[in-house]
1. I'd like to check something: does the range 40-54 contain any residue that is surrounded by 14 or more Cβ atoms within 10 Å (Cβ to Cβ), in contact with a helix residue (DSSP H, G or I) (Cβ under 7 Å, 6 or more places away or on another chain) and of a type in the set (V, I, T)?
2. Out of the range 98-125, which residues are within 22 Å of R60 (Cα to Cα) and over 10 Å from the mean Cα position of the chain (by Cα)?
3. Mind checking which residues of the range 123-154 are away from the ligand (no atom under 13 Å from the Cβ), within 19 Å of L103 (Cα to Cα) and not acidic (D, E)?
4. Every residue in the range 111-122 that is hydrophobic (A, V, I, L, M, F, W, C) and away from the ligand (no atom under 11 Å from the Cβ), please.
5. Which strands (runs of 3 or more DSSP E) sit wholly inside the range 117-180 and have at least 3 residues that are within 29 Å of P5 (Cα to Cα)?
6. Being touching a residue at least 24 places away in the same chain (Cβ under 8 Å), over 22 Å from D26 (Cα atoms) and among the hydrophobic types (A, V, I, L, M, F, W, C) is the filter here, so list the residues in the range 84-114 that pass it.
7. Restricting to the range 130-167, count the residues that are of a type in the set (S, T, Y) and buried (at least 20 other Cβ atoms within 10 Å of the Cβ).
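Every number here is computed from the coordinates shown, using simple stated rules; none is lab data. Everything quoted here is computed from the prediction, not taken from an experiment. Counting neighbours? That spans all protein chains shown, and the Cβs are built from the backbone with ideal geometry, glycine included.
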Amino acid sequence: MTASPLPHPLRLAGNGVVLREWTPDDLEELVALLDEPDIARWTPMPSPFDLAAGLAYLERARQGRLTGRRIQLAITTEGREPLGEVLLFGVNPARREAELGYLIGAPYRRRGLAAAALALLTDYACGPLRLSRLLLRIDPGNTASTAVARRCGYRLTGEPPIPQAGPHGATSLDTWEYVDGLPGARRDRLRNVASRRYGRRT
Ligand SMILES: CC(C)(COP(=O)(O)OP(=O)(O)OC[C@H]1O[C@@H](n2cnc3c(N)ncnc32)[C@H](O)[C@@H]1OP(=O)(O)O)[C@@H](O)C(=O)NCCC(=O)NCCS
């Protein structure tokens, strides 16, 4: 991976999900997804997340995409209704590292969507983007997110926890890593889980 901008526009399909660019038409659905207690608790999103927050969010996403600094994609099953979001940011070209993040709207959880989207973006990052180490920062109390990380082949590093001031007081984030070439077997087994849940294979 060089210091060149990240590809835009981007559409990734596989594992039973389609990851696509956000559009201005997604505003109301974005607000419905993000104005939710677990998202307020575990992510840096403003709360309440209203239309103004949604507009600002989509504009920041657009800028981040146009300048090639981040990948920020809506998670869908057919390329239309957004059900969540997956991101790649903080690219360090010299170390071939980047950080990833994800969220799923409350009505769409526990269907394998986060794991499917994270696995797909992980493959893209290690393949076409030629990154070799991917990071997740997760509050150890966020059992749903740590389960997603584990399922996608990420493992907890020994790096010191990163202190955070959250809405529920002081907390910290653990660092998880996916190192390309290291045990991918578990993630490989996941590949068709989401597809099976949606009744088709990739
Ligand atoms: C974390 C989050 C993205 C998970 O999304 P999801 O689509 O429900 O996750 P998946 O269905 O892909 O589940 C993947 C694994 O996590 C497990 N899991 C999901 N939610 C869980 C929960 N609440 N408690 C325990 N395990 C959970 C699933 O059982 C599955 O495990 P398996 O591999 O043993 O089958 C979602 O709960 C969310 O958006 N939370 C709020 C935002 C957030 O925390 N983002 C991450 C910040 S680091």
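1. no
2. A98, G105, A125
3. Y124, A125, L134
4. L120, L121
5. Qualifying strands (runs of 3 or more DSSP E): 133-138, 169-179.
6. V91, A98
7. Of the residues in the range 130-167, 2 are of a type in the set (S, T, Y) and buried (at least 20 other Cβ atoms within 10 Å of the Cβ).
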